[in-house]
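Worksheet: the structure to be examined is printed underneath.
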Amino acid sequence: MINQLRADAYRLTRSTGFYIMLVLVVSYNALITKTKWFGGIVGNVSEKASDHLTHTSWSMIDGVQGSTISAGLLMYVLMGLFVIIIGYEFSQQTYKNTLISGISRLQFILSKYVAMLISILMTIAVYFITTIVTSLIFGRRVGTSWIHLLSVGSSATIAITFFISIVFSMAILLLMFTNSVIISSFFIVIFPVAVMILHTRANWKWLKYIDFFSASNRISLGNMSIVEFSPYVLTCGIILIVCIGLSLLIIREKEL
């Protein structure tokens, strides 16, 4: 499994697409922070928070919160990680060579998820670091203590990373089932939008536990306690176990 992670890391760092993706992430966040614009797949944001970010002069903490609210659009960029790490292997059928080399199917599935998790974490960390660096360049005040700023930024980074990785785990399952990179990539793009629309317009209270960007917004804005966050973690844990389990069952039936 370690060797597979190293191979994925090598492939990722040698891919031009990966560096293009990082440039897009940095540019997108720098634009948000400079122009004090926020939007995208905003999820459930209170009117008070929206008014504050719209009419106030942004500090660093405001930049972090605005960046969190705008993070939904990163799904369109981070989809590149999914394609590079696992999608390309399935489109070219080269995953069979990996399995023949001796790695178990479970190790293969887990290594792909872990590789994407680490890659997403690094990218989201760069995203929020850009907020702080851009704010410093424009001479903006912290707006809170540095400890609180870093705490909010770290919490948002971990939450967004975890939530996006769960969507990717569902996309892996879909990839195993359909063998189509296009269908699984389309799912990554459409899932958060569909959930947000249904959560906003339908009276299905259970949807809030998979409305991931709304949850990350509440964490960044300080509107969610640890107790309130627990059901989200439980729901994501169940989804992750089911997706990995079903992916393993499907890949075991594939001919090498």
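The values are calculated or read from the model by the stated rules, or taken from the named source; none is laboratory data. For clarity, every value in this text was computed on a predicted model and none was experimentally measured. Cβ placement follows ideal geometry from the backbone for every residue including glycine, while neighbour counts extend to all protein chains displayed. The protein model used for the area step is the full one, side chains on, heavy atoms only, and it has no ligands, DNA or RNA in it. Shrake-Rupley method; radii C 1.70, N 1.55, O 1.52, S 1.80 Å.
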For the chain, what % of the accessible area comes from carbon and sulfur atoms, probe 1.4 Å?
-> 67
Under a point-charge model restricted to the Cβ atoms of Lys and Arg (+1) and Asp and Glu (-1), what is the dipole moment magnitude of the chain relative to its Cα centre, in debye to the nearest 20?
-> 200
Considering the chain as a Gaussian network with a 10 Å cut-off on Cα pairs, which listed residue, Asn223, Asn203, Asn29, attains the greatest mean-square fluctuation?
-> Asn203
Could you tell me the distance between the Cα centroids of segment 1-32 and segment 111-131, to the nearest Å?
-> 9
Highest-fluctuation residue, Ile183, Ile197, Ile100 considered, GNM on the chain with Cα pairs under 10 Å = Ile100
Relative to the longest principal axis of the chain, what angle (0 to 90°, nearest 10) does the C-alpha long axis of helix 60-69 take?
-> 50
At 1.4 Å probe size, with every protein chain present, just tell me what the per residue accessible area of segment 144-247 comes to in Å².
-> 49
On alpha-carbon atoms, Rg over Rh for the chain using Kirkwood Rh?
-> 0.99
Rg/Rh for segment 157-205: what does it come to with C-alpha atoms and Rh from Kirkwood?
-> 1.05
Per 5 Å bin, what percent of the C-alpha pairs of segment 47-152 does each bin hold, from zero upward?
-> 2, 10, 16, 17, 13, 10, 9, 8, 7, 5, 3, 1
Enter the angle in degrees (range 0 to 90, nearest 10) between the Cα long axis of helix 2-13 and the first principal axis of the Cα atoms of the chain, meaning the one along which they spread out most.
-> 60
